[in-house]
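J.: Sharing a structure, written as C-alpha cells. Questions coming.
The values are calculated or read from the model by the stated rules, or taken from the named source; none is laboratory data. This is a predicted model, so every value here is computed, not measured. We place every Cβ from the backbone using ideal geometry, glycine too, and count neighbours over all the protein chains shown.
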Amino acid sequence: MKAPQIRTAIALMTATLLCGCGGEHFQSVLHPASPEAGEISRLWWFMLAVCGTVFVIVIALLIVAIGRRGNRKPQAPGGDAKFVLIGGMLIPGIILFVLLIYSISAKVVLTGDERNLTIQVIGHQWWWEVRYPNQDIVIANEIYIPVGEPVRLQLKSADVIHSFWVPNLHGKMDMLPEHINTFWIRADKPGVYRGQCAEFCGAQHAWMAFEVVALSTNDFQQWVSERRKLAVEQVASAERKFSHEVYMRVGCGQCHAIKGTSAVAQIGPDLTHFGSRRTIGAGLMTNNTETLTRWILAPQKMKPGNLMPHTKLTDEELQELVAYLTSLK
Amino acid sequence: MTTRPLTEFEKTWSPGVSRAARWFAVVNNQPLGKRYMLTAFVFFTIGGVLALLMRVQLTVPENNLIDPHVFNQLFTMHGSTMMFLFAVPFLEGLTLYILPMMIGSRDVAFPRLTAFSYWTYLFGGILFYSSFLFGTVPDAGWFAYTPLSGPRYSGLGVDFWLLGLSLVEIAGITAGVEIVVTILKLRAPGMTISRMPLFVWALLVTGVMILFAFTTLLVATVLLEMDRSIGTRFFDSAAGGNSLLWQHLFWFFGHPEVYIMFLPATGIVSMIVPTFAQRPIAAYTLVAVAMMLIGFLSFGLWVHHMFTTGLPPMAMSFFTAASLMIGIASGAQVFAWIGTLWGAKPIFKTALLFVFGFIFIFVFGGITGVMIAVVPFDLQVHDTYFIVAHFHYVLIGGVVFPVFAGLHYWLPKITGRMLSETLGQWSFWLMFIGFNAAFFPMHIMGFLGMPRRVYTYPKSLGLTEENVIATIGSFVLGIGFLVFAGNWLRSLRRGERASENPWHAHSLEWSTESPPPNFTFGTPPIVTSREPLWTKTEVPAPQNENVLRAQKALSNAPERWRATLATDPLKAEPHAIQYLAGPSYQPFLAALGFLTAFIGVLVKGYLVAALGMIFAAGAIAVWLSPGKRWLQYVASSPASTESGLPVHPNDRRSTAWWAMLCVYAIGITCFGALFFSYFYIRLFSASWPQNGIAVPELQLPLLSYGLLLASAGTFYWATRAFWAGKKKRTQIVLAGSFVLGASFIALEILQFSQLEFSPRTNAYGSLFYVISWTLDLFVLTGLAMIGAMQLRMLNFFENRIGFTGLQMRITAMFWYFTVIAAVAVFAVLYISPRLFA
Amino acid sequence: MENEAPNTVVSRRTLWFGLLGGGSAWFFQLLAVWAIAEFGCVAGLGEIRRGGLTIVAWMAIAASVLFFIGALFATFLAHRCGRNIQSNSRGIEMPESELFLARTGFITSGIFTIIILVQSVPIFFYLKEC
C-alpha cells in the first residue's frame, strides 16, 4: 500500500469513529450532522412538545367528559357552541398559525456559490452513479465530500423516479427523469452517513443505498488527487493487460466501463475505482474478495431482480477477475 | 313468521320473482347494499392477509422469506385493495342500505344505477384480482407513479390495475350521483336541510367530493392506460410528457379520497355518540360547517404529497397553510363529540367503545398529520415508516374503527339480531391494543431511517425490536377482526332478536322493523325535528294538509309500481311522486359489456373492446327507455291525483334534473383535468406545439365548431316548438340539430386525416387528440340522445308534461353543456397556442 | 324555471352563493397563488423586481386580494340574508331552512375569508425571491 492510500484509510477510520454513533444511527433523522438536519430535528422536538400537549389535553378532556356525574340536562362547559368554537377551532387555529410561521421561517434551505464543489448524482435501477464533472472522477454508490462546506448536488434519474435521502445530513430530494433538481448538502463532522433511495423504484428499491463519506478538506483533496493519479497508473501497468482481456472476454465490459481502457459501456456502474469501493450491490454488503466472488457468481441470488446477469466463469477466470477488480483503486 | 299471501304492494317491492332475477335483476337498495358490504369485507380480509404476509417478511432484518417481486405485489395489492375495494365501497354499501331509511325514503333515487354500480364494482375487483391467475400481479404501488408504471418499466400487471380500477371508479362515480340526488330529493317531508342527520350531511359532502375526485382519477387512469396501450406520450419525458403530471392528477384525487373515506366515518360517529349519550349532538351547525370545510379543503392539499419533488419553496408553503387548516375542521368535530359526552353518563356499549378508540387513534394520527404538513419536517419523514404509521392511524383509526362502531350499531337493524356484547368488547380490545402495538413502533422506524415499500432492511439499522413488536401487534389486530367476524356469524343464528329501536336512538332508520321490509316504510314518515324519534311534535299548520295528503296517497301505495315521495332540497316540502324502477337485467348486462370492453383493452383485442362497448350502450339504451307497461301503470294509478303531485315533473322537482347537475360536475372535472394537463405540459415545454409542429389551421375547425355552435340555436328553436306543442316543427328543427352535430363529427374526422402529427408523435399530439376525442364522445352521446328524443316523439309526443317532457329537458341540458364544452375546447386547442406564443 | 316555490325575502341563488362562495374563492386563490409561484419561479419571474418585490410576489398579492374580496363578499351576503330573513318573518313561522343556510354560509365563508388571509402569509416570506 502506498503512503497516500494509507492516509486515506486512516482518515476513513477516524471518520467512522468520529460519527459518534458506533455504527448505529448512521441513517437517522434524530442524529443530525449538519445545521439543516439539526434545524429539522429541533423543529420535530418543538412540534412533539406542542402537539403532544394538545393530544394529552384532548384525551384528558374526553376522560373527564365520560367520567363526570350526570347533570339533568348535560351540556359542554361554557355552552356547546362556545366549547366547540373556542376549544375545537380557535385554539387549534392559533397553534397551527404558530406552526405555519415556524415552518416557513425554519432555515433549512442551504445554498452555496460557484466556488463550491459540484457533484452529479444519477439514480439508476438500483444503484447510484456519482460524477465529479470538474475533477473528472466517476464512482458509484458512495459520495465523498469535504466537511464544513456546502456541496451542490445535481440530481437526476436515468430511468424511473428515485429519491435522494441522507437523513443525518438533510431531507429528501426526488430524482426525476425530466429535469435536474439541484440540492445542497453539507456535513459538519467527518464521518460516514448512509443514504437510501426513498421513492419506490421497482424490484430492488430496498437495496439501493449509498454512503456519504465526509472528509476534512485536506483529506478530500488528497482523495481527489489519488483517484486521478491512480486512474492513469492503472491503465499504464502492463501486467493488467491479461486481466483486462479476461474482463472483456467474459462480458463485464459490455456494461461496465474502466477509464482509459477499451471498456467504455455505461450501462452498469463505472468500475475504474472499484477496489476502493466500500460496498457491493449499492449498500448490500461490504466489499472484499469473498463478497465480490459471491456477487460475480450469483448476482441474482444476492440481489434478486437486479439487472446484472449470471456469468459463466472458470475458477481461473474468476480469480483473475476478482484480483483485477480489487486492484482498481 | 306468518305466511299470509303477499299484498300487491309487497309483491311490487319484492327483489325479484325468480331465483335468477333475485340474483341478477335485483335493484332494491337493501340486498344490493348488503352485497356491497359483504363483497367489500371479502376484499378487506384478503387485503388484511396480504398485510400479514408483509409483516412476516419484515419481522427480522435481511429476511429472504418473500422475494422482492412478490413483496412489491403484496403492498401494491394491499394498498389498492384497502383504498379502492374496501373502504370506499364498504361505505357506499352502508350508505345504500342505511341512507334511504335514515331520510325516510323507500329506496335510493336511481335503483338500477345502484345495481349497475354494484356490478361494475364487483367486476372491477374480480378483474383486478384475476391478475393472480395469470401471474402478472400489479407491482407499481397503489399510487403507480410514472414512469415506473409506464410501458417501459412495468408489465401487464399495471394494465390489470388500471382497468380493474377504472371499473371501480365508474362504480364510485355512479354511487356519488346516487348519494347526492337521493339526499337532495328524497328526504321525508319536514326533514329540512337543518334537520338532516349528520351522517347525511357527511354523505352529501362526500357525494359531491366523489364526483370531482373520482372523475379526475378516471381521467388520469385512462391517460396512463392510453400511454400503455395505444402509445400516447402523456407521461413519457422522452417525448415531451411529464411524469409529475401523473402525481398532480393522482393526488388531486388521492387527497380528497382520504376524506371521502373519513367524512362518512365521522358521520357514523356523530350518529352513535348522541345515541349513547342520549342527548342531541353539541353544536350541530358547527359540525355541518366543519364537514363543508373539509369538503373544500381536501381539494387544496394535493401538493403536500409532492414536497420532495423540487417545487419552489414558495409554492409549497401555500399548501402547508391549507393543510394545517384541516386541523380546525377536525378539531371542531372532536370537540363536538367531547361536548356531547360531557356529563351525559354514556352507556358503554361496544359501538361506543369503538368510538372512543377512534377518537384516541384519530387525534393521534391527526396530530402527526399536522406535523407532516410542515415542509421541512416532511422532507425527512416523507416516504418513511413514519408516514406508514401516520396514515394507518388515520385510516384504521379514522375509518376502520368507526366502521366497526357502525357495524355494532347498525347490524341489529340489518340482520335483525343483536351481537354479543362480550365478544364485541373482546374484539375491540384486541383490535385497539393490536393496532397500537403494530403501528406505534413504525414512527420510530421512520426516524431511524426505514423507508417505505422496502422488502427488507439492513440489520445495522437496529430496528429489529420495533419490527418484531409491529408484527406481533398486527396479528393481534387480525385476531380482533376474526373475533368480530365470529360474533357476527354467531349472531345470525343465535343472536337475540333486535327490536325496532334497541339503542333508543333518534333517527328515522330506527322507526322501521329490524330487518326492514323491502319497501322500508309502508307509510312515508313525516319529520318535525332533528331527532324525530325523541321529539314528536305536530306538523305545523300551513304544510299540514299537503303533507298529510301526500302521505295518505302513498300509504302502502301505489300498488303496481314503486314510488316514493320527492321533496324540495331545502325545505323538504313534497314536490312530486318519484317513480322508482323495478327489477331489471339491464344494469347487469351493461356492466358485463363494460367488463368485456375492458378485457378487450387488456388483451389488446380492440374489436372485442368495441363489441363490449356497443353491447353496453345497447343495454343502457333499453334501460333508459321506459316500458309502455310501466307508463300505463303510472297513468292509471290514483296516486298522482290523490296527492296532487306530479309523477314525472320536467324541472328541478325531478331527480333527473339534479342528476344532470352531477353530470355537469363530472363533465367539468373531466375537461378541467384535461385542460390542466394541456397547460401543465405546455408550461414545461421549450416550444409549443412541441418539436416544431405547426399550430393547427383555423379554417376547418372554425367551420366545424361553428356548425356545432349553430346546433345549439336550432336546438333552442326546437324546444320552443316542443313546449308550444308543435310536433312537426319540433321534429324537423331537432333533425336540423342532429345534422349539424353529425357534420361536426364528419369534419373532425376530415381534419384529423389532414394533421401532420398523430397521438403518438409527442405529448402535444396526445393532448390534442385526446381532448378532441373527449369532445367527440360528448357530441356522439348527445346525438344519440337527440335520436332517442325523435323516437320518443313519434308515439308519445302528447306526454309532454310527463316523461317526454322530462326527456326533452334532459337532452337539452346535455346538448347545451356539450356546445359550451366545445367552445372551451376550441379556445384551448386553437386559440391558446396563438396567444402568448 | 317554472314551479319555483315563491320564496320568502331572499333568493336561493344568494343563499347558495353565501354558502359556497367563500370556499370557492379559497380554492381559486390557492390555485392562483400556486400557479403563480410554480410557473412564475420556473419562468424566472422571481428574479425580476418592481418596487423592491418580485413580479411573482406582486401577482400573488393581487390574486390573494381579489379572492379575499370575493370571500368577504360571500360572507357579507350570507350575513345580510340571515338578517333579512329574521327581520321579515315576524308573525308567521320562521323559514328555518333558509335561516340555517344563511347562518352556515356566514360561518363557512367567514372561516374561508380568514383562511385566505392565513394562506397569504407565506407570500411575505418570499417577497424578494422564490
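J.: Looking at the structure I just gave you, is C:ILE85 at pLDDT below 90, outside any loop (DSSP other than H, G, I, E, B) and of a type in the set (A, V, I, L, M)?
T.: Considered against the rule, which asks whether it is at pLDDT below 90, outside any loop (DSSP other than H, G, I, E, B) and of a type in the set (A, V, I, L, M), C:ILE85 comes out as yes.
J.: Could you list, in sequence order, all residues of the range B:214-248 that are of a type outside the set (A, V, I, L, M, F, W, C) and assigned to a helix (DSSP H, G or I)?
T.: B:THR215, B:THR216, B:THR221, B:GLU225, B:ASP227, B:ARG228, B:SER229, B:SER237, B:SER243, B:GLN247, B:HIS248 - these are the residues of the range B:214-248 that are of a type outside the set (A, V, I, L, M, F, W, C) and assigned to a helix (DSSP H, G or I).
J.: Looking for something surrounded by fewer than 21 Cβ atoms within 10 Å (Cβ to Cβ), modelled with pLDDT under 95 and over 30 Å from the mean Cα position of the chain (by Cα) - is there at least one such residue anywhere in the range B:573-580?
T.: Scanning the range B:573-580, I find no residue that is surrounded by fewer than 21 Cβ atoms within 10 Å (Cβ to Cβ), modelled with pLDDT under 95 and over 30 Å from the mean Cα position of the chain (by Cα), so the answer is no.
J.: Still on this structure: For the range A:285-307, how many residues are within 17 Å of A:GLY202 (Cα to Cα) and in contact (Cβ under 8 Å) with a residue 24 or more places away in the chain?
T.: 5
J.: Tell me which residues, restricted to the range B:822-837, are over 17 Å from B:ILE693 (Cβ atoms) and crowded, with 19+ Cβ neighbours inside 10 Å.
T.: Within the range B:822-837, B:ALA822, B:VAL825, B:PHE826 qualify.
J.: Shifting gears a bit: Consider the range B:692-702. How many of its residues are in a helix (DSSP H, G or I) and modelled with pLDDT of 90 or more?
T.: 4
J.: Counting just the residues of the range B:28-59 that are away from chain A (no Cβ under 14 Å) and more than 30 Å from the chain's Cα centre (by Cα), which one comes out surrounded by the fewest Cβ atoms within 10 Å (Cβ to Cβ)?
T.: Looking at the filtered set, the residue picked out is B:VAL56.
J.: Could you identify the single residue in B:PHE360, B:PHE364, B:PHE348, B:PHE386 that is within 13 Å of another protein chain (Cβ to nearest Cβ) and not in a helix (DSSP H, G or I)?
T.: Just one listed residue meets the conditions, B:PHE348.
J.: Within the range B:296-307, can one find any residue that is crowded, with 24+ Cβ neighbours inside 10 Å, of a type outside the set (Gly, Ala, Ser) and within 9 Å of chain A (Cβ to nearest Cβ)?
T.: yes
J.: In addition: Can you say whether B:ALA40 is more than 26 Å from B:TYR259 (Cβ to Cβ), in a helix (DSSP H, G or I) and small (Gly, Ala, Ser), as far as the supplied structure shows?
T.: Answer is no for this residue.
J.: Output the number of residues of the range A:28-65 satisfying the condition of being within 16 Å of B:ILE372 (Cβ to Cβ) and either touching an Asp or Glu at 6+ places or on another chain (Cβ under 8 Å) or not aliphatic (A, V, I, L, M) (or both).
T.: So the count comes out to 7.
J.: I'm checking my understanding of the structure. Among residues of the range B:545-572 that are basic (Lys, Arg) and crowded, with 20+ Cβ neighbours inside 10 Å, which one is farthest from C:GLU98 (Cα to Cα)?
T.: The residue in question is B:ARG562.
J.: Quick check on B:THR136: is it of a type outside the set (A, V, I, L, M) and farther than 23 Å from B:THR655 by Cβ?
T.: Yes, satisfied.
J.: Next up: For B:PRO61, which of the numbered conditions (1) out of contact with any helix residue (DSSP H, G or I) (no Cβ under 6 Å at 6 or more places or on another chain); (2) closer than 20 Å to B:ALA437 by Cβ; (3) in a loop (DSSP other than H, G, I, E, B) fails to hold?
T.: (1)
J.: Return the residues of the range B:677-719 that are more than 18 Å from B:LEU750 (Cα to Cα) and touching a Leu at 6+ places or on another chain (Cβ under 8 Å); say none if nothing qualifies.
T.: Within the range B:677-719, B:SER677, B:TYR678, B:TYR680, B:ILE681, B:ALA710, B:SER711, B:THR714, B:PHE715, B:ALA718 meet the criteria.
J.: Could you say which residue among B:SER687, B:SER677 is on the phi < 0 side of the Ramachandran plot, out of contact with any Asp or Glu (no Cβ under 9 Å at 6 or more places or on another chain), in a loop (DSSP other than H, G, I, E, B) and among the polar types (S, T, N, Q)?
T.: Selected residue: B:SER687, the only one of B:SER687, B:SER677 that is on the phi < 0 side of the Ramachandran plot, out of contact with any Asp or Glu (no Cβ under 9 Å at 6 or more places or on another chain), in a loop (DSSP other than H, G, I, E, B) and among the polar types (S, T, N, Q).
J.: Is at least one residue of the range B:169-185 at pLDDT 95 or above and in contact with a strand residue (DSSP E or B) (Cβ under 7 Å, 6 or more places away or on another chain)?
T.: Yes, the range B:169-185 contains a residue that is at pLDDT 95 or above and in contact with a strand residue (DSSP E or B) (Cβ under 7 Å, 6 or more places away or on another chain).
J.: Further, regarding this structure: Quickly run through the range A:156-170 and pick out the residues that are at the interface with chain B (Cβ under 8 Å from one of its Cβ atoms), closer than 26 Å to B:SER149 by Cα and either assigned to a strand (DSSP E or B) or within 14 Å of the chain's Cα centre (by Cα) (or both).
T.: Result: A:SER163, A:TRP165.
J.: Select from the range A:56-79 the residues that are buried (at least 16 other Cβ atoms within 10 Å of the Cβ) and either more than 9 Å from chain B (Cβ to nearest Cβ) or part of a helix (DSSP H, G or I) (or both) and list them in ascending order.
T.: A:VAL58, A:ILE59, A:LEU61, A:LEU62, A:ALA65, A:ILE66
J.: If you don't mind, another one. Would you check if B:THR266 is at pLDDT 95 or above and touching an Asp or Glu at 6+ places or on another chain (Cβ under 9 Å)?
T.: So B:THR266 fails the test.
J.: In the list B:LEU750, B:LEU707, which residue meets the criterion of being in contact (Cβ under 8 Å) with a residue 24 or more places away in the chain and either surrounded by 15 or more Cβ atoms within 10 Å (Cβ to Cβ) or under 25 Å from B:GLY805 (Cβ atoms) (or both)?
T.: Result: B:LEU707 is the single residue among B:LEU750, B:LEU707 that is in contact (Cβ under 8 Å) with a residue 24 or more places away in the chain and either surrounded by 15 or more Cβ atoms within 10 Å (Cβ to Cβ) or under 25 Å from B:GLY805 (Cβ atoms) (or both).
J.: What are the pairs with Cβ atoms under 9 angstrom where one residue, in the range B:272-287, is over 21 Å from B:ILE98 (Cα atoms) and the other, located anywhere, is charged (D, E, K, R) and part of a helix (DSSP H, G or I)? Sequence gap at least six, or different chains.
T.: Close Cβ pairs satisfying both conditions: B:ALA282/A:ASP80; B:ALA283/A:ASP80; B:ALA283/A:LYS82; B:THR285/C:ARG103; B:LEU286/A:ASP80.
One line per residue, one yes/no per condition, for (1) in contact (Cβ under 8 Å) with a residue 24 or more places away in the chain; (2) more than 15 Å from the chain's Cα centre (by Cα):
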{"position": "A:ASP80", "(1), (2)": "no, yes"}
{"position": "A:LEU85", "(1), (2)": "no, yes"}
{"position": "A:THR111", "(1), (2)": "yes, yes"}
{"position": "A:ASN116", "(1), (2)": "yes, yes"}
{"position": "A:TRP128", "(1), (2)": "yes, no"}
{"position": "A:ASN141", "(1), (2)": "yes, no"}
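J.: Have a look at B:GLY339, B:GLY331, B:GLY267 and point out the one that is away from chain A (no Cβ under 13 Å) and more than 30 Å from C:VAL42 (Cα to Cα).
T.: Sole residue among the options that is away from chain A (no Cβ under 13 Å) and more than 30 Å from C:VAL42 (Cα to Cα): B:GLY267.
J.: Kindly indicate which of B:VAL168, B:VAL158, B:VAL181 is away from chain C (no Cβ under 14 Å), surrounded by 24 or more Cβ atoms within 10 Å (Cβ to Cβ), among the β-branched types (Val, Ile, Thr) and over 24 Å from B:TRP246 (Cα atoms).
T.: B:VAL181
Listed here are the residues, each with its yes/no results for (1) part of a loop (DSSP other than H, G, I, E, B); (2) at pLDDT below 90.
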position: B:THR520; (1), (2): yes, no
position: B:THR537; (1), (2): yes, yes
position: B:GLN551; (1), (2): no, no
position: B:PHE594; (1), (2): no, no
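J.: Right, another one. From the list C:LEU101, C:LEU117, C:LEU127, C:LEU30, which residue is in contact with a helix residue (DSSP H, G or I) (Cβ under 8 Å, 6 or more places away or on another chain), crowded, with 23+ Cβ neighbours inside 10 Å and under 27 Å from A:PHE97 (Cβ atoms)?
T.: Sole residue among the options that is in contact with a helix residue (DSSP H, G or I) (Cβ under 8 Å, 6 or more places away or on another chain), crowded, with 23+ Cβ neighbours inside 10 Å and under 27 Å from A:PHE97 (Cβ atoms): C:LEU30.
J.: Return the pairs, sorted by first residue and then second, in which the second residue is part of a helix (DSSP H, G or I) and of a type in the set (Phe, Trp, Tyr), the first residue lies in the range B:201-215 and is not assigned by TED's automatic domain parsing to the domain that holds B:LEU293, the beta carbons are less than 9 Å apart, and the residues are 6+ apart or on different chains.
T.: Every condition considered, no pair remains.
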